[in-house]
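Just so it is clear, none of the values below were taken in a lab; they were calculated from the coordinates. In this text, all values refer to a predicted model and were calculated from it rather than measured experimentally. When we count neighbours, we look across all protein chains shown, and the Cβ atoms used for this are built from the backbone with ideal geometry, even at glycine.
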Amino acid sequence: MEIHLPPETEARLSQSAAQQGRTPDDLAREIVTRYLEEETRFIEAVKRGEESLDRGDYITHEEVGLRLQRFLQS
């Protein structure tokens, strides 16, 4: 696979890689891998949240405010 980046993005990638003593290709691979892992975690968290809502397992905005007030008062 090959991607084309805007010149300024490519320059930033090259500069960051150089500062880390790495090649731009290696850094780009790591960045994409980390992004995909984080995206997977985010999607799973959203699904768990939706499942909680479906079960009725949630607190209201007002309840959050009350809990926060109690926490800050202690």
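The set of residues from segment 24-63 being among the basic types (K, R) and either in contact with a Ser or Thr (Cβ under 9 Å, 6 or more places away or on another chain) or under 30 Å from T9 (Cβ atoms) (or both) comprises R29, R34, R41. Filtered by the rule that a residue be more than 14 Å from L5 (Cβ to Cβ) and surrounded by 11 or more Cβ atoms within 10 Å (Cβ to Cβ), segment 21-44 gives R22, T23, D26, E30. Filtered by the rule that a residue be among the charged types (D, E, K, R) and either at positive phi or outside any helix (DSSP H, G or I) (or both), segment 1-56 gives E2, R22.
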